[in-house]
Amino acid sequence: MTSYHDFYRRSIDDPAGFWAEQAQRIHWHKPFDKALQYDQPPFRDWFAGGETNLCYNAVDRHLAARGEQPALAYVSSETGIETSYSYRELHAEVTRFAAILQAQGVVKGDRVLIYMPMIPEAVFAMLATVRLGAIHSVVFGGFASASLATRIEDATPKVMVTADAGIRGGKVIAYKPLVDEALTLAGSCAPGKVIVVNRGLTEAPMMKPGRDLDYAALVDAHRDERAEVTWVESNHPSYILYTSGTTGKPKGVQRDTGGYAVALAASMDYIYGGQPGECYFSTSDIGWVVGHSYIVYGPLLNGMTTLVYEGLPIRPDAGIWWQLVEKYKVTVMFSAPTAIRVLKKQDPAWLHKYDLSSLRALFLAGEPLDEPTASWIAAELQVPVLDNYWQTETGWPMLTLCNGVEPKAVKYGSPGLPVYGFNVKLFNEATGEEVGPGEKGVIGVIPPLPPGCMSTIWQQDQRFVDTYFSLFPDKLVYSSFDWGIKDQDGYFTILGRTDDVINVAGHRLGTREIEEAVSSHSAIAEVAVVGVEDSLKGQVPKAFAVVKNPALLDDPAQRAALEKEVIAQVAAQLGAIANPARVYFVNQLPKTRSGKVLRRSIQALAEGRDPGDLTTLDDPAGIEQIRQSIAQA
Ligand code: ATP
Ligand code: MG
């Protein structure tokens with residue numbers, strides 16, 4: 001790379017030429033006719049006419065050079081199981097799994113719904129599905145039956161793959177009864193066949209004759225069968241994946257095949273700097289986009305070993321991740337700010353107990369990465385910590401610092417610069433004008449969206465256009481629904497979601513601005529700020545804060561004093577306009593399963609409304625705490 005600026009410029013000025021070069025990173029069964037077809041904006045086809053296959057590129061292609069190298073290393077701190085599959089062994093598992101799916105009638109274009117815990121079979125199922133040109137819809141394991149049912153209804157899968165149970169923090173969560181309930185709810189949309197991987201975590205699950213099939217028995221029956229690759233056109237869908245549901249009804253993001261493979265392969269080089277043969281450790285779950293892109297496809301497309309981990313970061317102790325980094329010589333690690341905040345509360349000695357010299361960088365995504373968290377973990381690990389800003393929709397990062405950025409200057413609190421391929425701009429929502437440095441605006445991308453981004457919303461093309469491209473009547477801009485600002489050097493800072501922007505007497509404030517001011521108080525561990533209706537000012541901010549030392553709150557006088565201090569601190573940092581009208585203290589915030597604060601529900605409760613759709617809520621206690629704190633005040 002000459003300079004990042006030139007590299008980026010070329011990706012925007014000549015997207016077809018730029019990506020045609022990147023496309024050489026993967027195997028094409030038939031070369032594409034046209035790198036970019038863009039005659040029906042905002043829809044675009046990458047590598048039109050080309051034929052390829054995700055599974056072939058992730059597995060088969062590596063057999064010759066690295067057949068005996070570990071492809072998938074698996075560790076469960078919940079069950080104590082630790083295994084590893086070489087590329088050759090992975091190939092055997094996946095091709096057999098594909099044969100099993102084929103035997104159940106799965107053909108190109110059919111959907112396979114995967115509702116699984118973090119076990120190797122989940123990865124086999126994903127790869128087996130795309131091998132056949134079928135489309136997977138992975139639903140985060142542990143979602144309640146109603147959430148699962150809506151996703152079944154949307155995808156109408158032919159086959160479902162599930163397990164007897166998941167396990168989290170030592171607690172077994174039986175999946176099969178949830179699945180049975182969801183299948184009943186889904187009625188005629190329910191798949192005809194359900195493959196059950198029995199981990200032996202529960203009493204033998206109820207198996208419905210004719211519908212439910214035991215995976216181990218299928219493996220026996222199809223032991224020597226292997227399914228060939230089904231080549232698909234580059235724009236053939238590889239999967240459907242729902243957004244986290246933080247702002248409301250999740251959207252079924254549809255991903256293509258060739259563009260996705262090319263984008264991920266390139267990102268392994270320009271963003272993550274992972275080399276074939278090395279080990280990549282992403283602590284996410286296959287139920288989220290990070291899991292799809294950076295547990296399964298990215299590392300395997302790049303010939304790396306992917307480390308698949310089932311368990312918490314603090315069990316059996318807070319050193320577990322670092323123990324794995326040492327043992328597997330992890331070079332690239334990917335996690336979320338929320339997990340790092342959990343570790344920050346633990347004894348830092350755990351970080352120094354293991355040899356972490358293999359590690360080159362830590363990438364974090366999913367929520368704003370605040371400066372104190374970023375600088376703490378960077379100092380502890382002594383490696384660069386990079387904030388990746390992206391969405392389920394984009395499939396890979398749209399803001400970060402790429403390899404080759406000169407000078408590679410990280411500014412904590414900011415993910416950095418637009419990533420090659422993404423023409424990211426900030427817009428004034430009212431006028432549609434681009435805003436300059438220092439002005440707040442909605443983060444948008446001028447299409448065509450680069451390879452790897454969503455093709456559409458599954459079976460809802462119109463909803464895709466209406467949802468993402470109708471920010472302005474007279475120009476086509478992809479809306480991220482996030483609110484941001486950039487500095488003189490072009491570095492972006494994410495200020496929160498556009499839905500959560502707080503409008504106090506005409507001043508617009510991002511939730512993040514006030515949250516950072518609140519959490520800079522030494523007594524505060526975590527906080528969510530929401531805008532609450534106010535007859536005088538339109539809206540006023542209210543804060544819900546978790547304190548580091550809950551004992552502090554037993555004394556009403558101390559509580560009141562702390563509230564005053566926090567309010568004074570916000571006033572000092574941001575001006576009185578941003579002052580929270582109230583600071584409520586709680587032990588826990590309501591979060592989604594993927595670790596994001598559910599501000600819309602907090603806001604609804606603060607305004608005396610119903611909290612709305614709570615299906616993505618992780619722990620009901622979080623929402624109960626908000627309710628109680630308001631009632632007590
Ligand atoms: P839904 O779209 O269903 O409401 P969601 O937006 O939480 O849910 P995801 O696609 O999982 O679903 O999350 C993407 C969002 O997460 C981004 O739009 C942004 O709000 C937030 N986000 C992700 N990474 C970062 C980051 N590095 N910094 C700040 N915010 C981030
Ligand atoms: Mg979103």
Open item on the list: Just the residues that are touching a residue at least 24 places away in the same chain (Cβ under 8 Å) and either surrounded by 17 or more Cβ atoms within 10 Å (Cβ to Cβ) or part of a helix (DSSP H, G or I) (or both), please, taken from the stretch 21-41.
Closed with: Q22, A23, R25, I26, W28, F32, L36
TODO: Look through G432, G413 and report the one residue that is touching an Asp or Glu at 6+ places or on another chain (Cβ under 6 Å), assigned to a loop (DSSP other than H, G, I, E, B) and farther than 23 Å from A263 by Cβ.
DONE: G413
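Taking the stated definitions as given, is L264 touching a residue at least 40 places away in the same chain (Cβ under 8 Å), assigned to a strand (DSSP E or B), more than 16 Å from ligand 1 (Cβ to nearest atom) and of a type in the set (A, V, I, L, M)? Steps first, answer last, please.
On the way: touching a residue at least 40 places away in the same chain (Cβ under 8 Å): yes; assigned to a strand (DSSP E or B): no; more than 16 Å from ligand 1 (Cβ to nearest atom): yes; of a type in the set (A, V, I, L, M): yes.
In short, no.
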Task: Scope the stretch 380-406; condition β-branched (V, I, T) and within 16 Å of ligand 2 (Cβ to nearest atom); matching residues - done: T392, T394
Task: Complete set of residues in the stretch 45-59 that are within 30 Å of D474 (Cα to Cα) and crowded, with 22+ Cβ neighbours inside 10 Å - done: D45, W46, F47
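Given the condition within 16 Å of ligand 1 (Cβ to nearest atom) and surrounded by fewer than 19 Cβ atoms within 10 Å (Cβ to Cβ), answer yes or no: does some residue in the stretch 220-242 qualify?
No, because not a single residue in the stretch 220-242 is within 16 Å of ligand 1 (Cβ to nearest atom) and surrounded by fewer than 19 Cβ atoms within 10 Å (Cβ to Cβ).
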Open item on the list: Of the conditions (1) under 19 Å from L598 (Cα atoms); (2) within 16 Å of ligand 1 (Cβ to nearest atom), F492 satisfies every one except a single condition; which number is it?
Closed with: (1)
Task: In the stretch 471-494, residue surrounded by the fewest Cβ atoms within 10 Å (Cβ to Cβ) [restricted to those that are of a type in the set (A, V, I, L, M, F, W, C) and away from ligand 2 (no atom under 15 Å from the Cβ)] - done: L476
Task: Any pair with Cβ under 6 angstrom, 6 or more apart, that starts in the stretch 314-341 at a residue that is within 23 Å of S293 (Cα to Cα) and ends at one that is among the aromatic types (F, W, Y) and modelled with pLDDT of 95 or more - done: W322/Y354; V330/F281; V332/Y272; V332/Y280; M333/F281; F334/Y294; F334/F363
- [ ] Return only the number of the condition from (1) within 16 Å of ligand 1 (Cβ to nearest atom); (2) crowded, with 21+ Cβ neighbours inside 10 Å; (3) in a loop (DSSP other than H, G, I, E, B) that G248 does not satisfy.
- [x] (2)
Task: Checklist (1) touching a strand residue (DSSP E or B) at 6+ places or on another chain (Cβ under 6 Å); (2) part of a loop (DSSP other than H, G, I, E, B); (3) within 16 Å of ligand 2 (Cβ to nearest atom) applied to Q254, failing item - done: (2)
TODO: List the number of the failed condition for V107; all other conditions in (1) surrounded by fewer than 24 Cβ atoms within 10 Å (Cβ to Cβ); (2) touching a Lys or Arg at 6+ places or on another chain (Cβ under 9 Å); (3) farther than 16 Å from A227 by Cα; (4) among the β-branched types (V, I, T) hold.
DONE: (3)
Open item on the list: Between G404, G438, which is surrounded by fewer than 20 Cβ atoms within 10 Å (Cβ to Cβ) and modelled with pLDDT under 95?
Closed with: G404
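Any residue at all in the stretch 451-474 that's in a strand (DSSP E or B), within 12 Å of ligand 1 (Cβ to nearest atom) and either over 21 Å from Q569 (Cα atoms) or in contact (Cβ under 8 Å) with a residue 60 or more places away in the chain (or both)? Break it down into steps so the answer makes sense when it comes.
Let us first name the residues in the stretch 451-474 that are in a strand (DSSP E or B), namely 456-457.
Those still in the list that are within 12 Å of ligand 1 (Cβ to nearest atom) too: 457.
From what is left, the residues that are either over 21 Å from Q569 (Cα atoms) or in contact (Cβ under 8 Å) with a residue 60 or more places away in the chain (or both) are 457.
Scanning the stretch 451-474, I find at least one residue that is in a strand (DSSP E or B), within 12 Å of ligand 1 (Cβ to nearest atom) and either over 21 Å from Q569 (Cα atoms) or in contact (Cβ under 8 Å) with a residue 60 or more places away in the chain (or both), so the answer is yes.
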TODO: From E203, E181, grab the single residue that is over 30 Å from V597 (Cα atoms), surrounded by fewer than 23 Cβ atoms within 10 Å (Cβ to Cβ) and more than 16 Å from ligand 1 (Cβ to nearest atom).
DONE: E203
TODO: Report whether or not V123 is touching a Leu at 6+ places or on another chain (Cβ under 7 Å), touching a residue at least 60 places away in the same chain (Cβ under 8 Å) and in a helix (DSSP H, G or I).
DONE: yes
- [ ] Return the only residue of G287, G248, G298 being away from ligand 2 (no atom under 16 Å from the Cβ) and either at pLDDT 95 or above or over 24 Å from E51 (Cα atoms) (or both).
- [x] G298
Open item on the list: Checking the conditions here, which among G291, G298 is within 16 Å of ligand 1 (Cβ to nearest atom), within 24 Å of T338 (Cβ to Cβ), crowded, with 24+ Cβ neighbours inside 10 Å and not polar (S, T, N, Q)?
Closed with: G291
Open item on the list: Of all residues being outside any loop (DSSP other than H, G, I, E, B) and within 14 Å of ligand 1 (Cβ to nearest atom) in the stretch 567-597, which is surrounded by the fewest Cβ atoms within 10 Å (Cβ to Cβ)? Just the residue, please.
Closed with: T592
Open item on the list: Suppose we filter the stretch 221-237 for residues that are closer than 16 Å to D60 by Cβ and in a loop (DSSP other than H, G, I, E, B); how many remain?
Closed with: 6
Open item on the list: I'm told P157 meets every condition in (1) part of a loop (DSSP other than H, G, I, E, B); (2) surrounded by fewer than 24 Cβ atoms within 10 Å (Cβ to Cβ); (3) under 26 Å from the mean Cα position of the chain (by Cα); (4) not hydrophobic (A, V, I, L, M, F, W, C) except one. Can you identify the failing condition by its number?
Closed with: (2)
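The values are calculated or read from the model by the stated rules, or taken from the named source; none is laboratory data. Remember, it's a predicted structure, so these values are computed and weren't measured experimentally. All Cβ positions, even for glycine, are placed from backbone atoms using ideal geometry, and neighbour counts span all protein chains on display.
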